[in-house]
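We did not get these values from a lab; they are worked out from the coordinates using the rules stated. Small disclaimer: the values here were computed from a predicted structure and weren't measured. Cβ placement follows ideal geometry from the backbone for every residue including glycine, while neighbour counts extend to all protein chains displayed.
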Amino acid sequence: MLISIADLGFIIGKWEGTGLAEYPTIASVDYDEGLVFTRNDKDSVIHYEQRTWIKSSDENNGQPVFWESGFIIERGGNLFELVSAQKSGRVEILRGNATQADGGIKIDFNSVSILNDVRLLKSGRHFRFLENVIDYELEMSTTENPEYDRHLRARLKRPGL
């Protein structure tokens with residue numbers, strides 16, 4: 001079955017949740033996340049904005065960690081691109097095929113272009129979009145850690161659920 005951007009229409013709106021950032025080169029940290037998806041009816045594109053804040057019991061609680069904006073673009077034949085611009089200046093283009101799985105839509109994106117950050121060698125993002133839940137993981141390989149390891153894992157829900 002072909003999956004189109006219209007099939008992802010149910011993700012439009014605001015999502016909130018928590019996640020864990022971990023990687024061999026950093027101290028693990030819990031975070032709160034806000035993610036907003038928007039679109040217009042003209043284009044086969046969904047815009048997103050993602051922000052995260054430290055979740056801790058100390059003075060760092062609520063401090064901003066990450067800010068990213070970008071697009072999910074339908075390319076046809078179940079192929080989608082994720083174009084990401086991050087607060088550090090890094091820009092990534094990732095591609096992945098969408099499949100129906102577990103009562104939702106799953107897309108496994110892998111990097112095809114990384115700009116403005118020589119440290120990042122490879123990245124991947126794995127999304128599972130359900131009616132009221134988004135699960136995702138981000139994996140990466142860097143010059144400091146060439147192994148392809150998980151960096152982020154999060155679960156988001158619609159506010160109030």
**Request:** Would you point out the residue of region 16-43, among those that are without any contact (Cβ under 8 Å) to a residue 40 or more places away in the chain, charged (D, E, K, R) and touching a strand residue (DSSP E or B) at 6+ places or on another chain (Cβ under 8 Å), that is farthest from TYR148 (Cα to Cα)?
**Result:** ARG39
**Message:** I'd like the full set of residues that are farther than 27 Å from ILE105 by Cα and basic (Lys, Arg), limited to region 8-63.
**Reply:** LYS55
**Message:** Checking the structure you have, find out if any residue of region 82-98 is under 23 Å from MET140 (Cβ atoms), among the basic types (Lys, Arg) and in a loop (DSSP other than H, G, I, E, B).
**Reply:** yes
**Request:** Collect the residues in region 1-43 that are part of a strand (DSSP E or B) and of a type in the set (Asp, Glu), keeping them in residue-number order.
**Result:** GLU16, GLU22, ASP30, ASP32, GLU33
**Fill in**
Among strands (runs of 3 or more DSSP E) entirely inside region 111-161, those with 1 or more residues being of a type in the set (A, V, I, L, M) and on the phi > 0 side of the Ramachandran plot are none
**PHE109 within 13 Å of the chain's Cα centre (by Cα) and either closer than 21 Å to ALA154 by Cβ or surrounded by fewer than 17 Cβ atoms within 10 Å (Cβ to Cβ) (or both)** = yes
**Request:** Can you confirm whether region 71-84 contains a residue that is of a type in the set (D, E, K, R), closer than 15 Å to GLY34 by Cα, surrounded by fewer than 18 Cβ atoms within 10 Å (Cβ to Cβ) and in contact (Cβ under 8 Å) with a residue 12 or more places away in the chain?
**Result:** no
**Prompt:** When only residues in region 44-61 that are in contact (Cβ under 8 Å) with a residue 24 or more places away in the chain and in a loop (DSSP other than H, G, I, E, B) count, which is farthest from the chain's Cα centre (by Cα)?
**Reply:** SER56
